[in-house]
1. Could you give the angle, 0 to 90 degrees to the nearest 10, between helix 166-202's Cα long axis and the longest principal axis of the Cα atoms of the chain?
2. Rank these for me by crowding, Trp122, Trp142, going from fewest to most other beta carbons within 10 Å.
3. Count the net charge of all other residues whose Cβ sits under 11 Å from the Cβ of Tyr51, scoring Lys and Arg as +1 and Asp and Glu as -1.
4. How high is the relative contact order of region 6-202? Use alpha-carbon pairs under 8 Å, at least six apart in sequence, and give a whole percent.
5. If the chain between Thr164 and Arg105 were fully stretched, how many nm would it gain, using 0.36 nm times the residue separation less the Cα-Cα distance?
6. Kindly rank 75-84, 146-155, 88-97, 50-59 from highest to lowest mean number of other beta carbons found within 10 Å of each residue.
7. Rounded to whole Å, give me the distance from the Cα center of region 72-103 to that of region 43-58.
8. Express as a percent, rounded to the nearest 5, the fraction of DSSP beta bridges in the chain (both residues included) that run antiparallel.
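Every read-out reported here was derived from the displayed coordinates using simple, explicitly stated rules and does not represent laboratory data. Computed from a predicted structure; not experimentally measured. Glycine gets a Cβ as well: all are built from the backbone with ideal geometry, and neighbour counts include every protein chain shown.
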Amino acid sequence: MEQPLRLVGIGGSTRFGSTAERAVRAVLTEAERLGARTTLLAGDDLLLPMYDPRGPVRGPRAERLVAEVAAADGLVVASPAYHGGISGLVKNALDHVEELRGDARPYFTGRAVGCLAVGAGWPGAVATVAALRDVVCALRGWPVPLGVAINTAEAGFGPDGRCTDARLQSQLETVAAQVVEFAALRRAGAATAAGELIAAAGA
């Protein structure tokens, strides 16, 4: 029996239940509805030591993040807009992916990544989505077509964590669908290629 796709969400802030964290949760919830298995790394999960490429990964949180990314078929990354860019918390987490440079699938190779950003206005949120997409490309990942900028002055989430804006909810569901679809196509393509190699070896 084929294992479900594994999606990992990374993002938020040190504040539990931040808008960025809730946005990732919304994407992962839809991904689960589509049949994926999901893991969220947010809040305290991202309180990692500053990444130092000169030494080994330090601490169980950092080790878990690297292991979860290595096992993922797709990812969702969300950051609050801090002064027009990615927060230090999220960027440091992404820097830890450098530990996968020698992996069979280095960095984000072969993985679709949904990018979300949150700001109290459009300029910071839009700039941060663009910055996240650039980082994902640098990590050899594939940003899905729709990146979502969330302006908390216009839309957000209620006390129960549910999205209060139908348009935003639709966008988050679209990101989930795009990540799941790409991951499924990638897995199917890899299986086909493996089958062809086996057939060729037996010919």
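1. 10
2. Ascending number of Cβ neighbours within 10 Å: Trp122, Trp142.
3. With Lys, Arg at +1 and Asp, Glu at -1, the neighbours total -1.
4. Rounded, it is 22 percent for region 6-202.
5. Once the chain is fully extended between Thr164 and Arg105, it gains 17.5 nm.
6. Sorting 75-84, 146-155, 88-97, 50-59 by mean packing, highest first, produces 75-84, 88-97, 146-155, 50-59.
7. Measuring centre to centre over Cα atoms gives 12 Å.
8. So the antiparallel bridges amount to about 10 percent of the total.
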